[in-house]
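Please treat every number below as a calculation from the coordinates, not as lab data. Everything numeric here is computed off the predicted structure, so don't read it as measured data. Cβ sites come from the backbone with ideal geometry, for glycine too, and all protein chains shown count toward neighbours.
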Amino acid sequence: MHHRQKLCDKLKSNFLRKWWFVIVVGLVLILLGAIVTVYFSSWINSIIDNKIILRNGSQTFGWWRKPPVEPVIRIYVYNVTNPEEFLYEGKKPMLDELGPYVYEEVWEKVNLRINDNNTITFNQRKTFKFVPELSVGDLEDVVVVPNIPMLSATSQSKHAARFLRLAMASIMDILKIRPFVEVPVGKLLWGYEDPLLKLAKDVVPKEQKLPYEEFGLMYGKNSTSADNVTVFTGGNDIRQFGLIDKFNGLSHLTHWKTEKCNRLNGSDGSIFPPHITPNTTLYVYEKDLCRLLPLRFLQEVETAGGVKGYRFTPPKDVFADVAKNPENDCFCPSGPPCSPNGLFNISLCQFDSPIMLSFPHFYLADPKLRDAVEGMSPPDPEKHQLYIDVQPQMGVALGARARIQLNLAVSQVVDIKQVATFPDIVFPIMWFEEGIDHLPEEVTDMLSLATNAPPIARAVIAYGLFALGIVLLVIAVTCLIRSSGRQETLNLEGTSHYVKPEKKPPTTTGHPDATNGHTNGKGKTLETLNPAFVGGPENGVTNQ
């Protein structure tokens, strides 16, 4: 009996341990589900950070070095149809917007030098190929545009000695230089021989010579740039991934008033540090822009390949005058008067040529600038706004439209007869739209995976762990409750004892042997010897 009880207790103990173990497993699974919910995104981000670091031989490095995209630049030229009336009759210049003249581009980073401090130095190579089937017009189209070398020279001479201005007027008269030139579009873009530049080449001291012999709006760009650019690989700090460390050995520009405005640590527009949020401000540096261009979140977008991204665009006051945006005071080193609202003066980066940038059709600029000319349609954000679409997890540009207008700020100089009647005006020259229409399928597939797979995986793993843990808990608790109920029932049954009914005293007849306690002389009762003898006369047994 004792051994049987010990066996039952052992089985009971094993039973309880088994289900308590199941409860612990269930709780552990639920805890793991909570950990996955909280930390899964961080784990994925760490994996992404490690994969995108610019290291030789990686897929990211290959795409960065030679982007597998087909950038396109569309160029629009403002043809002046009434130069004589403008100069001599005081009429507004009539502009006829020609184009687009479309070029396909190929980008490649060459002369790569991997440095010990997790940076890479390179030169940017760009090649342009004209695409006539996408263009409206031909490169042989002749246009009339302001003579930029001449008007730059006359504007710069405004504060020079009077005899210098008169000498300049005589030289230009001899060389038959006029305020407007007729030139084919192709030469306007890529270069034509200008008399003033040719003269400067012969008379200007070597250390002051301009770095080009011809004039063209895109002169020297169809080649490998001589600028040495150094960017961070992200190996030390992923927050600096793809940002410029030095440009031609300098970490800052030297043109502007403050260290903040002279910063160079922006992106080239192709890659950005990962894990971008709508609160992030992106910065892009382009040499021709002569400053960092801030970009702020505008809206969510989705590419044709199904990749979701964020669209960033410059703030509306990025080129605002100092009265509307006091932070722009640092871009006005010469002091008031500064650039009109909506224009950015880059003359310090363009050999003091009075070039001003704006968005196309003077988008976000003072309406007076557009009112000063005829033939320019009102600005349209859909056509004239600059933006970049970025995949936020990896910082890869999904698409872009870099839209900038080139303007010439002309000053009237009465001592130079050729421009004596040329009023002070901001003259639109051309605008361009450079961008990426789509990414290759291999890139969009990877970006789609990086965008869509992690949330799905986190949900599946977390909910799976939660569900399995809860199921195990419910089963274990239910079995324990049932086991406890059965054990209680068994205990109640085991504590109830059988009680023999109390015997009736035997009926006596006066004979000693008539009692139930009478023995047969051997110490045994009659009841023991004869079970039938249990009640005396009542059972039909009588004493002899």
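The H on the amide N of ALA400, modeled in the peptide plane, is under 5 Å from the matching H of ASP389, ILE436, each at least 5 residues off or on a different chain. Straight-line reach from LYS198: taking Cα to Cα under 17 Å and skipping same-chain neighbours fewer than 8 places apart, the aspartates and glutamates in range are ASP173, GLU207, GLU213, GLU214.
When the chain is fully extended, how far beyond the present Cα-Cα distance does SER334 get from ARG113, taking 0.36 nm per residue of separation? Provide the component values of the computation, followed by the final result.
Values: separation 221, 0.36 × 221 = 79.56 nm, distance 3.85 nm.
That works out to 75.7 nm of additional length.
Comparing Cα centroids, the stretch 165-189 and the stretch 63-105 end up 20 angstrom apart.
What is the sum of charges around VAL426, taking Lys and Arg as +1, Asp and Glu as -1, for the other residues whose C-beta is under 15 Å from the C-beta of VAL426? Around VAL426, the surrounding residues sum to -2. Note on ASP227 and ILE461: the model spin-label points, each 7 Å out from Cα along the C-beta direction, lie 4.3 nm apart. The HN-Hα couplings worked out from phi for the stretch 77-89 by the Karplus form 6.51 cos²θ - 1.76 cosθ + 1.60 (θ = phi - 60°) are 10, 8, 8, 8, 8, 9, x, 5, 4, 5, 6, 10, 10 Hz, whole numbers, x standing for Gly and Pro.
Across the stretch 215-229, coupling constants 3J(HN,Hα) worked out from phi with the 6.51/-1.76/1.60 Karplus curve, θ = phi - 60°, read 10, x, 4, 10, 4, x, 7, 8, 5, 8, 5, 7, 6, 8, 10 Hz, and Gly and Pro carry x.
Scalar couplings 3J(HN,Hα) for the stretch 300-314, obtained by applying the Karplus form with A = 6.51, B = -1.76, C = 1.60 to θ = phi - 60°, are 7, 9, 9, 7, 4, x, x, 8, 8, x, 10, 9, 10, 9, x Hz; x denotes Gly and Pro.
Remark on PHE180: its backbone amide H falls under 5 Å from those of ASN147, a criterion applied only to residues 5 or more positions apart or on other chains, H modelled at 1.01 Å from N.
Assuming R0 = 35 Å, can you tell me the calculated FRET efficiency for the pair LYS91 and ASP437, based on Cβ-Cβ distance, to the nearest 0.05?
Numbers: r = 40 Å, r/R0 = 1.14.
Here the calculated transfer efficiency is 0.30.
Kindly provide the chymotrypsin sites (Phe, Trp or Tyr not before Pro) of the stretch 295-375 that DSSP labels as loop, not H, G, I, E or B, and whose Cβ sees at most 14 other Cβ atoms within 10 Å. Those satisfying the criteria are PHE351.
Projecting label points 7 angstrom from Cα along Cα→Cβ for ILE171 and LYS201 puts them 1.5 nm apart. Summary of the geometry: the stretch 327-393 and the stretch 35-51, compared by the centres of their Cα atoms, lie 42 Å apart.
Annotation for the stretch 14-117: GluC sites (Glu not before Pro) lying in DSSP loop with at most 14 further Cβ atoms inside 10 Å of their Cβ are GLU89.
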